[in-house]
Amino acid sequence: MKQTMKILVTGSNGQLGYELRQLATQFPQGRFVFADIEELDITSSDEVMSFVCLHQPAFIINAAAYTAVDNAEDNPAAARQVNAVAVGHLVKAAFAVNAYLLHISTDYVFDGKKTTPYLETDAVNPLSVYGQTKLEGEHAVQSYKRGLVVRTSWLYSSVGTNFVRTMLRLGCERASVRVVSDQVGSPTYAADLAAALYRIIGQTAEQPALFVPGIFHYANANTCSWYEFAKKIMYWSKCACQVEPCTTDDYPTKARRPAHSMLDCGKIQQTYGVVAPLWENALRRCLKTLNGNPKAAKNENF
């Protein structure tokens, strides 16, 4: 890839947006426009069209989402505006400038009844408003020939509100913590997802004929329960807090979560050469980043 391309990233202040910013310095062929709500309200059709036509990006990464899973149950309209309606606006704007659109979705489009990793072709059946609205966003992207959906799972980063940072905080505050052991999936480090997206963009820019639209799965390799994930976080951060297992019924939430949401990532590897690191190795890298950057560890509310 030799030519310079403009890349628009929405939701740039979120976890994935932060990691995309961090990795942008390693992507010299890209000229980036990072936008969050202050710069661009993606729920406004006119604003999206004007912004995209002004900047003329070759690629759009939609990292914006309404991710408060339980709050979405009480605010379905707000969740739908961001997760579905706004995606339609981005599709129309991408079409207007002939841009590629890479949209991030979730494992929560599945009901978790399958006990083996989900394929992109498996039936969807979201259990929550969040999952349903993200599925509606997928449908909007699938109507676009230059649209690509990447479903991911259990996303975390060294910044923002996420399971890793919550466990680190609780580990400092409590002698023990209870974590559900009957929900199984694949933790995904947002930095690895960011690298995967840049790989897809780089390959597409070099060889546009090899671009394959549709739905793809990306998560760090191997699976675990939330309980096992928490145990590793405490162990590798040298925290004395004891992690005790509990069931989903012991820890009720407004939104239902899939019991099994492992994602089969073979398609993205075969199509774009994206190989996901093991989740254990990814977690250790994230913890190292947190340990080496106190500002990153402290500048967000859990």
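Over the Cα atoms of segment 98-151, the radius of gyration divided by the Kirkwood radius equals 1.00; this is the Rg/Rh ratio.
Could you give the distance between the Cα centres of segment 16-62 and segment 237-262, to the whole Å? Cα centroid to Cα centroid, the span is 35 Å. 3J(HN,Hα) along segment 261-271: 9, 5, 10, 7, 9, x, 5, 5, 5, 5, 7 Hz, from the Karplus curve 6.51 cos²θ - 1.76 cosθ + 1.60 with θ = phi - 60°, whole Hz, x for Gly and Pro.
Taking all Cα pairs closer than 8 Å and separated by 6 or more residues, the relative contact order of segment 38-110 comes to 45 percent. Would you mind calculating the gained length between E39 and N291 on full extension (0.36 nm times residue separation, minus the Cα-Cα distance), in nm to one decimal? Fully extending the segment from E39 to N291 adds 87.6 nm.
Each listed q (0.15 Å⁻¹) maps to a log10 I(q)/I(0) for segment 214-274, found by the Debye formula over equal Cα scatterers with no solvent: -0.69. For segment 49-129, the solvent-accessible area of protein heavy atoms averages 41 Å² per residue (probe radius 1.4 Å; ligands and nucleic acids excluded).
Remark: spin-label model distance K145-D182 equals 4.9 nm, labels positioned 7 Å along the Cα→Cβ axis.
Note on segment 114-245: Rg/Rh from C-alpha atoms, Kirkwood Rh, equals 1.04.
Its residues counted as N, segment 188-236 yields a C-alpha radius of gyration over 2.2 N^0.38 Å of 1.61.
Too long at a 20 Å Cα-Cα cut-off: which of K145/K267; K238/K288; K232/K288; K114/K254; K231/K288; K114/K232? Correct reply: K114/K254; K114/K232.
Restricting the calculation to Cα atoms, segment 58-108 yields a radius of gyration followed by a Dmax of 12.2, 37 Å. Computing FRET efficiency as 1/(1 + (r/R0)^6) for R31 and Q242, where r is the C-beta to C-beta distance and R0 is 30 Å, gives about 0.05. Across q = 0.09, 0.12, 0.13, 0.16 Å⁻¹, segment 1-135 modelled as identical point scatterers on its alpha-carbon atoms has Debye log10 I(q)/I(0) values of -0.30, -0.52, -0.60, -0.86, in the order of the q list. Under Stokes-Einstein, with the Kirkwood radius over Cα pairs as Rh, the value for segment 192-302 at 20 °C and 1.002 mPa s is 126 µm²/s. Solvent-accessible area of segment 50-168 (1.4 angstrom probe, protein heavy atoms only): carbon and sulfur portion equals 55 percent. Taking amide H as placed 1.01 Å from N in the peptide plane, V184 has its amide H under 5 Å from the amide H of H260, S261, each at least 5 places away in sequence or on another chain. Estimated at 0.36 nm per residue, the fully extended path between Q269 and R169 surpasses their Cα-Cα distance by 32.5 nm. Convex hull volume of the C-alpha atoms in the chain, normalised per residue: 122 Å³.
The values are calculated or read from the model by the stated rules, or taken from the named source; none is laboratory data. Just so it is clear, the model here is predicted, and its values are computed rather than measured. No Cβ is skipped: glycine too gets one built from the backbone with ideal geometry, and neighbour counts run over all protein chains shown. Remember, those area values only see protein heavy atoms, side chains included, never the ligands or the DNA or RNA. Shrake-Rupley method; radii C 1.70, N 1.55, O 1.52, S 1.80 Å.
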